Amino acid sequence: MIYADNAATTKMSEAAKNTMFTLLEDAWGNPSSLYAHGQKAKEVLEKARLDVAALIGAQPNEIYFTSGGSEADNQAILSMAEAGKKLGKTHIVSTAFEHHAVLHTLKKLQKQGFEVTLLNVHEDGIVRPEELENALREDTCLVTVMYANNEIGTIQPIKEIGELCRRHKIPFHTDAVQAIGHIPIDVVRDNIDLLSASAHKFHGPKGVGFLYAKKGVKLSNLIEGGAQERGKRAGTENVAGIAAMAEALKEASTHMAENAAYVSRLRDRLIEGLSRIPHSALNGDRIRRLPGNVSFCFEGIEGESLLLLLDDKGIQASSGSACTSGSLDPSHVLLAIGRVHDVAHGSLRLTISEETSEGDVEQIISSVKEVVEYLRSFSPIWRELTAGKKQFIL
Amino acid sequence: MALYSEKVMDHFRNPRNVGVIEDANGIGEVGNAKCGDIMKMYLKIEDGIVKDVKFETFGCGSAIASSSMATEMIKGQPVSEVKKLTNKAVAEALDGLPDYKMHCSVLAEEAIKSALEDYQKRTGENI
């Protein structure tokens, strides 16, 4: 089996798994309890907070543990909206290709009277800081731009955007779910006020994540109840999961440079190999992309068939085609970078990791080539294209 | 649970009657690339019987399986029977399709109907 869907989720690392198992045995107490067993869990929790904070250049009291990236996104955005509204500021700037955890939260706010500007991400899948600056208004209460895109892997100019926001005194949130643990992030260097992260994207467990909120940024609660997380997120903490997340992030950060170098090399080989398939195109900027992300469109075929046949060959990947999303429209990300529907339906996302081998990459290239050729052999669109009755787009 | 039934996967992996009939006397094409599904049916009708049928499909697994199953159901059948083919029958023959994939079986029915209309237009025969 070749797992090439690491942007969907990653396999837990041995260290993270061991941490989790050990703590489920040894630290199952409630961190809010005052007796020794509870306090042991509390210690584990605070150690994890210290580690996570240090790994992104934050202070421990700026880290709030959540159930994952979506919760962190929701809390960050809704908090800034609430704070903005009190000051009469109801405008938010974001991008057209954010994760749905961001876009759907913004949609909810629009129904409540907020105005949202979604920036163009251009053909290369990169936001232009100057366009972002032009979109800022007196009543802008939040800028939210993802660190790296989940489908096409493009890395955004976060430091520049952060600087702009700082200068205009507008809170800046970034959904760093796909980036953290894979490329270096420092909230101080990058001028980030709020950042969302999810453990299972960097070999940690599912159901755990965190929100970084710079000191002085006022959070509102999504979940009311006890005084956990300094009163900003009620609910007894997932101690073992949180500690496993910290362990996974530590590991990912320790090996980041070597992993990124290795994975980028495999990625480049994949891109090179798949580019040889006629009438195909890489989605998103060739250089400014996550080490493990390869996203392609192949003309004349549909993504779900491609995925099913690759699965038969032991390769697990994903697609932004409509059929895989359960709706009639292909991925909003591919449409945002200007791919027309016909082509966006034939998309393939391969997200590899340091566990991928060179042999795997060669296997992927030959299998994709074979399956694309096969599907094209009985595609009526392909027939029209090759007969010259229709113009090739790619 | 798997996304599709074993029958769907069988017809998807080993589609029957794939290709083109050069001297087809009824051709129907439905769907559009924007929605991600296009089905093209080629019929060769002789003496009121579907002597041969072939298809080409651009689409997801269930679209390919629905086309394949539909061709199998009409091959060798009298046109009078073929006319009665419903999408429901195609879906049932595939041991069901997920709800949001039912439109794939609709496309198969429509592609065949469209090919029959084309045949009628070409031959002037009232079928």
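The values are calculated or read from the model by the stated rules, or taken from the named source; none is laboratory data. Nothing here was measured: the structure is a model prediction, and the numbers come from that model. Positions of Cβ are generated from backbone atoms using ideal geometry, with glycine treated the same way; all protein chains shown enter the neighbour counts. Ligands, DNA and RNA are stripped out before the accessible areas are found, and what is left, the full protein with its side chains, is counted by its heavy atoms. Shrake-Rupley method; radii C 1.70, N 1.55, O 1.52, S 1.80 Å.
Below, the figures for the structure above:
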item	result
Lone unmet requirement of (1) open to solvent by 20 Å² or more (accessible area, probe 1.4 Å); (2) in contact with a strand residue (DSSP E or B) (Cβ under 9 Å, 6 or more places away or on another chain) for A:Glu258	(2)
Checklist (1) farther than 28 Å from A:Ala344 by Cβ; (2) assigned to a helix (DSSP H, G or I) applied to B:Cys104, failing item	(1)
Subset of the stretch A:367-386 (residues that are open to solvent by 60 Å² or more (accessible area, probe 1.4 Å) and within 11 Å of chain B (Cβ to nearest Cβ))	A:Tyr374, A:Ser377, A:Arg383
In the stretch B:36-83, the residues that are away from chain A (no Cβ under 14 Å), in contact with a Lys or Arg (Cβ under 6 Å, 6 or more places away or on another chain) and in a helix (DSSP H, G or I)	B:Glu72
Search result, residues across the stretch B:18-29 that are of a type outside the set (D, E, K, R) and facing chain A (nearest Cβ under 10 Å)	B:Val18, B:Gly19, B:Val20
Yes/no for B:Ala89 being within 29 Å of A:His345 (Cα to Cα), away from chain A (no Cβ under 14 Å) and outside any strand (DSSP E or B)	yes
Cβ pairs under 8 Å, 6+ apart, first in the stretch A:53-81 and farther than 16 Å from A:Gly231 by Cα, second surrounded by fewer than 24 Cβ atoms within 10 Å (Cβ to Cβ) and of a type in the set (Gly, Ala, Ser)	A:Leu55/A:Ser253; A:Gln59/A:Ala53; A:Gly68/A:Gly207; A:Gly69/A:Ala101; A:Ser70/A:Ala101; A:Asp73/A:Ala101; A:Asn74/A:Ala101; A:Leu78/A:Ser220
Odd one out for A:Ile364 among (1) surrounded by 15 or more Cβ atoms within 10 Å (Cβ to Cβ); (2) not in a helix (DSSP H, G or I)	(2)
Matching option when the condition is hydrophobic (A, V, I, L, M, F, W, C) and within 14 Å of A:Ala53 (Cα to Cα), among A:Leu164, A:Leu222, A:Leu211	A:Leu211
Index of the failed condition, A:His203 passing every other in (1) touching a strand residue (DSSP E or B) at 6+ places or on another chain (Cβ under 9 Å); (2) assigned to a loop (DSSP other than H, G, I, E, B); (3) within 27 Å of A:Phe296 (Cα to Cα)	(1)
In the stretch B:107-127, residue nearest to B:Ala63 (Cα to Cα) [restricted to those that are assigned to a helix (DSSP H, G or I) and open to solvent by 50 Å² or more (accessible area, probe 1.4 Å)]	B:Glu110
The lone exception for A:Ser33 - which of (1) of a type in the set (Ser, Thr, Tyr); (2) surrounded by 16 or more Cβ atoms within 10 Å (Cβ to Cβ); (3) over 30 Å from A:Glu151 (Cβ atoms) it fails	(2)
Residues located in the stretch B:1-35, provided they are in a strand (DSSP E or B) and open to solvent by 10 Å² or more (accessible area, probe 1.4 Å)	B:Val18, B:Ile27, B:Glu29, B:Val30, B:Gly31, B:Asn32
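Conditions (1) closer than 14 Å to A:Glu71 by Cβ; (2) open to solvent by less than 10 Å² (accessible area, probe 1.4 Å); (3) not assigned by TED's automatic domain parsing to the domain that holds A:Arg166, marked per residue:
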site	(1), (2), (3)
A:Phe202	no, yes, no
A:Gly207	yes, no, no
A:Ala213	yes, yes, no
A:Tyr262	no, no, yes
A:Arg267	no, no, yes
A:Glu272	no, no, yes
A:Pro278	no, no, yes
A:Asp285	no, no, yes
